[in-house]
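One structure is given here, and the rest of the page talks about it.
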Amino acid sequence: MSANPFSFALVFALLIPALAQTPKDVREVARGGANAIPQLEQYLKNPDLEVRVEAVKQIVEIGTQRSLDPLIQATLDTDPEVQIRATDGLVNFYLPGYVRSGLTASIRRVGSNIRGRFTDTNDQVIDPYIKPRPEVIQALGKLARGGVSMDSRANAARALGVLRGQAAVPDLVEAVRSKNSLVIYESLIAFQKIRDQSVGPRIQFLLRDLDERVQIAALETTGLLQNREAVPDLKGVVERARNNKIRRAALTALAMLPDESSREVYSRYLRDRDEGLRGAAAEGFARLKNKADLPVLEQAFQEERKISPRLSLAFALVMSGKTEMSEFSPLQLLVNSLNSSARGGEAFAFLVEVARDPAVRAQLYPAMERGTKDEKIRLARVMARSGGKDSVAALEILSRDSDSEVAQEGLRALQNLKTRL
């Protein structure tokens, strides 16, 4: 019986992608765009590492919905560069441009070693209305827990934070037990973005970590996750910190966990020589929300000459009942500071908290209509996080602003607010 020539042709065609190719061949195939993805996916199985690296590069570059499954597959590769590029590619689909700032942007291969530099800035996160596929979070969680290198694990942990990967929290909890400072640090920052409060007690052992960067991140995360069990430990760190940088982080975390038992600590540092400690103490008073503290806070506000602790005191005054909006009021200072490139982030964070009060939001709505461009944009983001149903009308007005950037931010904030309500 003669062989079917069509069968031989089919078998040969299926084998071609598995045979050795050059990166140049892969690039030629990738010119087909999304239609080339099935063949590029086959190149991910190629024994030649250079071919696999080029294949994942091209799949990331194409960047369509059809790229996701091949990139998930590439996270299982035995080479760290492929894993890292696949990770950044997955994030890039949900946060366009991420590959230009992620680890991929600096990755270099020196012999068999991979070298890359994690950027110090790690504040990127997708909008709440964006929902990554569960399979993407699952793949990244597995990678954070057990990638082939510590860099690929740390990079996956960072990616989970950017994507708000709630389902991968157990994987990140496992990652913080890796004994690798980079993996632990990136996992902690991911917890800060995901905001699963159940994690707090499970990272408490890191509050006295010997690596300063890890210890500070653990302190910050403890405050953000509202782990009240850690209050005694935080007081201990404040008292015995090796330096003021750690003491500031501990006091700031303690300030996020308002407790009358901490009042003495706040009082002690409210007039400290270190402006960071003064600011953290003021934030502690802010969250106690006790109107009886107003005289002390008002005097400190009038005497303070440094802008950062002055903003913290303005925050404390608003939280303690000084909610009016006038030329020299604390609330007006917070709004004005949104225009500052140096202090706008601090003012924004304080406004997110004070705007949880409907009475404060009512004071802010006129500023959203008449404010500067920066004020409008940042107040829109404040309402996305802290607004209520009363904020919808103000954001709808902003979404029709004559400035296209303001209008776009208003619409984005409206989407995020509606997702939360």
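Laboratory data are not the source of any read-out in this text; all were calculated from the coordinates shown. Note that the structure is predicted; figures quoted are calculated from it, not measured. All Cβ positions, glycine included, derive from the backbone under ideal geometry; neighbour counts span all protein chains shown.
Quick look at the numbers
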quantity: Radius 14 Å from Cβ of Val136, net charge of other residues (Lys, Arg +1; Asp, Glu -1); calculated: +1
quantity: The chain shape via C-alpha gyration tensor axes, a/c threshold 1.5; calculated: prolate
quantity: Farthest positive-ward along the chain dipole, Cα basis, beta-carbon charges - from Ile194, Tyr266, Gln408; calculated: Tyr266
quantity: Kirkwood-based shape ratio for the range 83-168, expressed as Rg/Rh from alpha carbons; calculated: 0.95
quantity: Check: the range 311-421 dipole with +1 on Lys, Arg Cβ and -1 on Asp, Glu Cβ, in debye; calculated: 340 debye
quantity: Residue among Gln73, Leu44, Ala144 farthest towards the positive dipole end of the chain, charges placed on Cβ; calculated: Ala144
quantity: Lys, Arg +1 and Asp, Glu -1 on Cβ, resulting dipole of the chain about Cα centre, debye, nearest 20; calculated: 340 debye
quantity: All-pairs alpha carbon distance profile, the range 333-421, 10 Å steps from 0, percent; calculated: 20, 57, 23, 0
quantity: Qualifying trypsin sites (Lys or Arg not before Pro) in the range 115-153, DSSP loop, other Cβ atoms within 10 Å at most 16; calculated: Arg117
quantity: Least to most buried among Ser262, Ser399, Ser340 (fewest other Cβ within 10 Å first); calculated: Ser340, Ser399, Ser262
quantity: Total charge dipole magnitude, the range 106-210, about the Cα centre, Cβ charges on Lys, Arg, Asp, Glu only, Debye to nearest 20; calculated: 240 debye
quantity: Gaussian network model of the chain, springs between alpha carbon atoms under 10 Å - residue of Gly279, Gly371, Gly165 with greatest fluctuation; calculated: Gly371
quantity: Environment charge of Tyr269, counting only residues whose C-beta is closer than 13 Å and scoring Lys/Arg +1, Asp/Glu -1; calculated: +2
quantity: Euclidean distance of C-alpha centroids, the range 87-109 and the range 212-252, integer Å; calculated: 32 Å
quantity: Sorted largest first, extent of the range 106-238 alpha carbons per principal axis (Å); calculated: 48, 36, 24
